[in-house]
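Right, one structure below, let's go through it.
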């Protein structure tokens, strides 16, 4: 069974998204819903890590990122079979310039 870990930047992404929705948009209900969707998405990724396709960019990446869509956001993660580990790398708004963010 796989374990999951979060890079600090991914944790910050999630916190920033929830904060923005609850404080800037002033929608506490929506922020709780997106938080719950993120949590259930992490469970699904753990259950079927290869269920999501490899993320394709216009350029070749150094790593094989996979992405899982949650509303308007994409969860990017890496699979390390030798350690049975899934690393959540980033959680980004899908309309961001992802090419410039992922390496």
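Readers should treat all values here as calculations from the given coordinates under stated rules, not as data from a laboratory. On a predicted model such as this, the values are computed, not experimentally measured, just so you know.
Structural remarks
- Distance between the C-alpha centres of segment 65-86 and segment 20-50: 15 Å, rounded to the whole angstrom.
- Scaling against 2.2 N^0.38 Å puts the C-alpha radius of gyration of segment 1-89 at 1.15.
- Choice from 16, 81, 43 showing the highest fluctuation, given a GNM over the chain with Cα pairs closer than 10 Å: 81
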